[in-house]
Amino acid sequence: MRKNIILSGVGGQGILSIATVIGEAATAASLHLKQAEVHGMSQRGGDVQSNLRLSTEEIYSDLIPQGQADIIIAMEPMEALRYVPFLNKDGWVITSSEPLVNIPNYPDAQRVADALRRLPHVKALPINSMAREHHMPKSANMLLLGMAADTIGILSPEQLRAAIGRIFAAKGARVVEDNYKAFDLGLKEER
């Protein structure tokens, strides 16, 4: 079994934290893992993207070819659309529905939403608003991971949740609890 996952967003949104949690869960499950990251202009709000390849068999390349991604997990809807050419015909897009308008020529938000709705397999929620509403504004990325948990398949939601605890443990119990709460909220919203 294998899963090819593209993570995308804008610098500072927590994409690399999602990659770290998935990587930790994969390592604990003794899966083979390859990861490639592109940071772009993340310091200036540019795009951030990571390729994660998980498998029960050996993996030879860390890059996902076009048409081979099983899942796109995106913190920003336009960034989700940027990587759709990499998605396979049965692939899923798991994304925030709230645009982060950080460039002057950002496309019309309604057109972005309409383009996402035309895809066959999409889960989209206003994760930033939901995280703020539940008093955990820095955990929107873990809410998104919760939305994607059932889709990942090669790892269970319980394995991902346990990895959250290990990754954030050094930041204290409150941070761990906020991230658990966000993950559980995203998981519940998509079941």
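Of the residues making up the range 17-32, those that are surrounded by fewer than 18 Cβ atoms within 10 Å (Cβ to Cβ) and without any contact (Cβ under 8 Å) to a residue 60 or more places away in the chain number 3.
Filtering the range 123-175 to residues that are over 19 Å from residue 94 (Cβ atoms) and charged (D, E, K, R) leaves 132, 133, 138, 166, 171, 174. Count of the range 140-159 residues, restricted to those that are over 12 Å from the mean Cα position of the chain (by Cα), touching a residue at least 24 places away in the same chain (Cβ under 8 Å) and on the phi < 0 side of the Ramachandran plot, is 5. Somewhere in the range 168-185, is a residue over 23 Å from residue 11 (Cα atoms), touching a Leu at 6+ places or on another chain (Cβ under 9 Å) and buried (at least 20 other Cβ atoms within 10 Å of the Cβ)? Within the range 168-185, one or more residues are over 23 Å from residue 11 (Cα atoms), touching a Leu at 6+ places or on another chain (Cβ under 9 Å) and buried (at least 20 other Cβ atoms within 10 Å of the Cβ).
Residues in the range 163-190 that are touching a residue at least 60 places away in the same chain (Cβ under 8 Å) and within 17 Å of the chain's Cα centre (by Cα): 163, 164, 167, 186, 189, 190. Restricting the search to the range 1-16, which residues are modelled with pLDDT under 95 and either among the β-branched types (Val, Ile, Thr) or open to solvent by 30 Å² or more (accessible area, probe 1.4 Å) (or both)? Result: 1, 2, 10, 12, 13, 15, 16.
The values are calculated or read from the model by the stated rules, or taken from the named source; none is laboratory data. Every value quoted in this text rests on a predicted model; they were computed, and no experiment measured them. Cβ sites come from the backbone with ideal geometry, for glycine too, and all protein chains shown count toward neighbours. Heavy atoms of the whole protein, side chains included, go into the accessibility calculation; ligands, DNA and RNA do not. Shrake-Rupley method; radii C 1.70, N 1.55, O 1.52, S 1.80 Å.
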